[in-house]
Amino acid sequence: MGGRALLCSLLLASCAVLSAGGPSGCHEVRKVFHSRHVMGQVKWVPETPRSGTDLQVCMSSNLTCCTRKMEERYQEAARLDIQNLLQTSSSSLKMLLSRSVVAFQEMMENIIRQAENHTDALFRNTYRSMAFKAAELVRELFTDIALFVLGSELGAEDLVRRFFDGLFPLAYDRLLEPGLTEISAGYAECVRAVRQELRPFGAIPRQLAEQIGRSLLPGRIFLQALNLGIEVINTTDHLQYGKECRQALLKMLYCPHCQGLTHSRPCTGYCLNVMRGCLASAAEVDIHWREFVRSLEEVSSRMQGAGDPEQVLLSIHTLVNSAVVHVQRNGPRILAQLHRVCGHPRRKASQSVSDEPRDGRQVPPLWPPGREMEESFTRWTKEFLGSLRLYRTFYGGLADQLCVSDLASEDGLSCWNGADVVKSYTLQVVGSGIKAQAVNPEVKVKGADPVIHQIIDKLKHINQRLQGKAIPTNGMLDLIELGSGTPEWSFSGDCDDEDGCGGSGDGEGINPRKVSNWTPEKVNDQSRHGQPAQTLEATHKSRGRATAPLSLLALGMMGVLTQLWP
């Protein structure tokens, strides 16, 4: 301990001599400057100390090894140094979020594929006469579900309606009134058009839409929140510093070089003042980031139990089976009402109904089974949030972490105070945040960074959505109250049998007062005159889209990569 104390005393004495009379030579400064390629040309460094009357920040009454050109390059080097330190300090948090986005999407894609397999297998094994044509409807349903998780504007009610609108004509043709030939396109269109009014599937469509909404809406907001977390980090990693901050960083990190003090480090208090001033706007993120972590925990709790996406998706085939069984059980009543509305079917000639595809093609194969998940969805979210919780105070202590871990001198050693090498920093050390900088002796902070202000607004908004308090801008899709009963988006309006809100048992009844007097001829006639019914208009729109399954991971990774490398 005595030898170390003596060494520190000698170092302090030598630094004091250098500071008092200026550097004895510029060789060491030239060497360090040359090692940093960002700083520019070595010829800018003088051979011997010179007067520094042209300097603007690193001014001294002594001779200096700096020139105006060097000062400009030092300022840029200081900015890059801090940016690199910020990126290094946030790298583990950023990696946690980016890997979690990928893991979440992989899990959802795997679950959706398994759910599609189960539903496809239902038709193959139980309703073989429907299997080939039902395969396209099933594929479209789960493609819509995958896009829903990624943020599609098609709501849960809409994607369920599309599926059952397409399933009813098929169920009629193959189960209720099978014939040797197919029903005509016009009759099929009439059957589709009146499906919602006849309610052949009872309360199942409503039940399925509610379950998808309750389990997947929180999940999709959870995914949006993870992506926003990456955006927050990217924003704070690439702060645009004002003139006052840039000059303060230069003074703290490189002005000592002008005095030949290439190995000196700033005093801890001095570093804290400079970094808390430069990161004052980033510190304002702290309270909203803490709430962000709490809100993610809150919404994840609603994705457990009955709201677990895995449980809901893997039970879809059970509800679809119940819906088809409901049609079979109520066949006579449904047929009577359908004949009154659409008349009797006109069937296409020269085609026969069989258990195999009519054109000789093979039934499309099932999706290959997804990679087995080592852990359940619920366990994964708990472990992720446990890791994220460690970063809850990240923005509140960012300046302190940079100074203590990377920038400042160790306690007890001589340090740079912005003007000289001293034993300790004697000025007031201010707190974090914009308001505290009013008395900062090192950096003048004029106000909040507008870019940081924008990212804080985004954090506020996603926190409200995670807590179920906000009404998003994309229509009925996300109008949710997570934990306050039935979601606002689901089936408002008149209470009817398919809604399951009356006292009619299993909801199999038909309300003839609400059934329009449709016939195939009227359907085609109104379509020709540009006055289709609302149900038909929605049907035509929904049919004009690609039904090929999409990969959640392939689509989502594009967004992740964009945020990782902005």
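Only helices (runs of 4 or more DSSP H) whose full extent lies in region 162-269 are considered here, and the ones with at least 3 residues that are modelled with pLDDT of 90 or more and within 28 Å of the chain's Cα centre (by Cα) are 204-237.
Put simply, of Val149, Val138 the only residue that is assigned to a helix (DSSP H, G or I), β-branched (Val, Ile, Thr) and modelled with pLDDT of 95 or more is Val138. Give region 78-92 a look and list any residue that's hydrophobic (A, V, I, L, M, F, W, C) and out of contact with any Leu (no Cβ under 8 Å at 6 or more places or on another chain), or say none. Matches in region 78-92: Leu80 only.
Scan region 432-440 and tell me whether some residue there is of a type in the set (Ser, Thr, Tyr) and open to solvent by 80 Å² or more (accessible area, probe 1.4 Å). So far as region 432-440 goes, no, none of its residues is of a type in the set (Ser, Thr, Tyr) and open to solvent by 80 Å² or more (accessible area, probe 1.4 Å). Among the residues of region 114-145, those that are under 24 Å from the mean Cα position of the chain (by Cα) and surrounded by 22 or more Cβ atoms within 10 Å (Cβ to Cβ) comprise Ala115, Leu141, Phe142, Asp144, Ile145.
Quick one: is Asp54 under 19 Å from Arg246 (Cα atoms), outside any loop (DSSP other than H, G, I, E, B) and of a type in the set (Asp, Glu)? Judged against the criteria, Asp54 is not a match.
The values are calculated or read from the model by the stated rules, or taken from the named source; none is laboratory data. Since this is a predicted model, take the numbers as computed values, not measurements. Please note: Cβ atoms are built from the backbone with ideal geometry, for glycine as well, and neighbour counts cover all protein chains shown. Just so you know, the surface numbers come from the protein's heavy atoms only, side chains and all, with ligands and any DNA or RNA stripped out. Shrake-Rupley method; radii C 1.70, N 1.55, O 1.52, S 1.80 Å.
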